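The values are calculated or read from the model by the stated rules, or taken from the named source; none is laboratory data. Just so it is clear, the model here is predicted, and its values are computed rather than measured. Cβ coordinates were reconstructed from backbone atoms using ideal geometry, including for glycine residues, and neighbour counts include every protein chain displayed. Surface accessibility is based on the protein's heavy atoms, side chains included, excluding ligands, DNA and RNA. Shrake-Rupley method; radii C 1.70, N 1.55, O 1.52, S 1.80 Å.
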Amino acid sequence: MDNETNNMMWEPGETKTTIEEMNSNINNISGSKSLRLVVEDKGNIIGFLSSERGFAKRISHRAYIVIGILKDYRGKKIGVKLF
């Protein structure tokens, strides 16, 4: 999605997360009080919503939310359903 919009935090090619690191992040999320949702179409991820809870006690009630939807799937209420 970094290649499809200027609205994501990372610029194209800037993020260096490997598939293995992402799999580890997803597999370790269950005890973190964070959330990752993905939307698939024919086995391909077309959108996501990520919510990261605050790591320190003072900000544990907050969440950093990121949402992304591939350009061809925008305008179909996918973001509304994710929220």
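For the reader, a short list of remarks on this structure follows.
- Cβ-Cβ under 9 Å pairs, at least 6 apart or on other chains, the range 58-71 side in contact (Cβ under 8 Å) with a residue 60 or more places away in the chain and of a type outside the set (Gly, Ala, Ser), far side in a strand (DSSP E or B) and open to solvent by 60 Å² or more (accessible area, probe 1.4 Å): LEU70/ASN44; LEU70/ILE45
- Leading residue by the ranking (least open to solvent (accessible area, probe 1.4 Å)) among those in the range 47-83 that are over 10 Å from the mean Cα position of the chain (by Cα) and of a type in the set (Val, Ile, Thr): ILE78
- The residue that is modelled with the highest pLDDT, among those in the range 32-43 that are open to solvent by 70 Å² or more (accessible area, probe 1.4 Å) and of a type outside the set (D, E, K, R), is VAL38.
- Being open to solvent by 90 Å² or more (accessible area, probe 1.4 Å) and under 21 Å from ARG74 (Cβ atoms) is not true of ASN27.
- Residues of the range 52-65 that are modelled with pLDDT of 90 or more and closer than 19 Å to TRP10 by Cβ: ILE65 alone.
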